[in-house]
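To start, the structure itself, in structure tokens.
The values are calculated or read from the model by the stated rules, or taken from the named source; none is laboratory data. Quick caveat, the model's predicted, so the values are computed rather than measured. Don't worry about glycine lacking a Cβ; one is built from the backbone with ideal geometry, like all the others, and counts go over all protein chains shown. Accessible surface areas use protein heavy atoms only, side chains included; no ligands, DNA or RNA. Shrake-Rupley method; radii C 1.70, N 1.55, O 1.52, S 1.80 Å.
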Amino acid sequence: GGGVIGLELGSVWQRLGARVTVLEYLDRILAGTDTDIAALALKIFTRQGMTFRLGTRVTGARVDGDACVVECEGAEPIACDRVLLAVGRIPNTQGLGLEAAGIAVDARGRIPVDSHFATTADGIFAVGDVIAGAMLAHKAEEEAVACVEGLVTGHGHVDYSTIPNIVYTHPEIATVGASEDELKAANRAYRKGSFPFAANGKALALGETEGLVKTVFDAKTGELLGAHMIGAGVTELIQGYAIAMGLETTEAELMHTI
């Protein structure tokens, strides 16, 4: 899989000296990530030595002597030492006694909840990976806080539009808000800008010049709608953009921030 987990762990093993081949069913890596960022990531990881087979449908894997053999539709099988299956996750909702509590899961095994995280069983609430949405620790934590605040004060809220997504590869990848692809699909007028790490003094000093920061803004109001970046330290850099989005910061305000 060419998603977050496959690339994170594949990137680790590649840096430790393994030869890594990524098999991805789609014609791109990092589905859901801004196209420009994903395309640059593919170039960087390829230069680092990772091999990518895109548009590849894996049909099975087997052990043959000391090797693992991965079967692919319409292509030669691949012999390797180890196989990592990283093509998505499912909620861990089995064995929780949900049926006894009168809670039915959906087709994907997730627990349905309302806007206050209440399940169909009175007095039972659910947050995090077992409900719909991104399977992110910081998303789960924010939902838990909002759920308890709702129970205590009657008010609890999560702004899902400002939850960052992080990929701990090298270089790192970080995004928050809407991508250019999503804005195009929604037929929303926008402006965009980008800045390369190769033109940044600190990146030059660190010898980490691969990467860029890309921002998208509402064409009419100038409001920051999303930020997408790849490069050294972007998992920390993204926080400022998440805060800016929460404050409905505009393009002009960002440009005039020293």
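Read through the list (1) β-branched (V, I, T); (2) more than 26 Å from D129 (Cβ to Cβ); (3) not in a strand (DSSP E or B), then give the number of the only condition that T93 fails.
Only one criterion is unmet by T93, namely (2).
Enumerate the strands (runs of 3 or more DSSP E) found wholly within the range 178-245, keeping only those where 2 or more residues are open to solvent by less than 50 Å² (accessible area, probe 1.4 Å) and free of Cβ contacts under 8 Å to residues at least 60 places away in the same chain.
212-218, 224-231
Just to be sure I understand the filter: pairs with C-beta atoms under 9 Å, separated by 6 or more residues or on different chains, first member in the range 84-100 and within 26 Å of Y25 (Cβ to Cβ), second member open to solvent by 100 Å² or more (accessible area, probe 1.4 Å). Which pairs pass?
As it stands, the answer is L84/W13; V87/Y25; I90/R108; P91/R108, since those pairs meet every condition given.
May I ask you to list pairs of residues, at least six apart or on different chains, whose Cβ atoms are under 6 Å apart, with the first in the range 130-150 being outside any helix (DSSP H, G or I) and the second being buried (at least 19 other Cβ atoms within 10 Å of the Cβ) and of a type in the set (A, V, I, L, M, F, W, C)?
I131/I111; I131/V113
When you look at G74, is it open to solvent by 70 Å² or more (accessible area, probe 1.4 Å) and at positive phi, yes or no?
For G74, the condition - open to solvent by 70 Å² or more (accessible area, probe 1.4 Å) and at positive phi - is met.
The rows are residues; the columns are (1) closer than 25 Å to Q14 by Cβ; (2) not hydroxyl-bearing (S, T, Y).
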{"position": "T175", "(1), (2)": "yes, no"}
{"position": "S179", "(1), (2)": "no, no"}
{"position": "R188", "(1), (2)": "no, yes"}
{"position": "F197", "(1), (2)": "yes, yes"}
{"position": "A205", "(1), (2)": "no, yes"}
{"position": "D218", "(1), (2)": "no, yes"}
{"position": "T235", "(1), (2)": "yes, no"}
{"position": "I243", "(1), (2)": "no, yes"}
{"position": "I258", "(1), (2)": "no, yes"}
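If you check A61, A39, which single one turns out to be farther than 22 Å from M135 by Cα, out of contact with any Leu (no Cβ under 6 Å at 6 or more places or on another chain), aliphatic (A, V, I, L, M) and part of a strand (DSSP E or B)?
A61
Does any residue of the range 21-30 turn out to be open to solvent by 40 Å² or more (accessible area, probe 1.4 Å), of a type in the set (D, E, K, R) and touching a helix residue (DSSP H, G or I) at 6+ places or on another chain (Cβ under 7 Å)?
Yes - at least one qualifying residue is present in the range 21-30.
Run down R47, R28, R19 and say which single residue is of a type in the set (K, R) and either modelled with pLDDT under 95 or within 23 Å of A198 (Cβ to Cβ) (or both).
Among R47, R28, R19, only R47 is of a type in the set (K, R) and either modelled with pLDDT under 95 or within 23 Å of A198 (Cβ to Cβ) (or both).
Under the condition of being charged (D, E, K, R) and within 19 Å of L254 (Cα to Cα), which residue from the range 185-242 is farthest from the chain's Cα centre (by Cα)?
Step by step, filter the range 185-242, then rank; the result is K220.
Give me the residue from the range 160-177 that is assigned to a strand (DSSP E or B) and of a type in the set (S, T, N, Q) and, out of that set, surrounded by the most Cβ atoms within 10 Å (Cβ to Cβ).
T175
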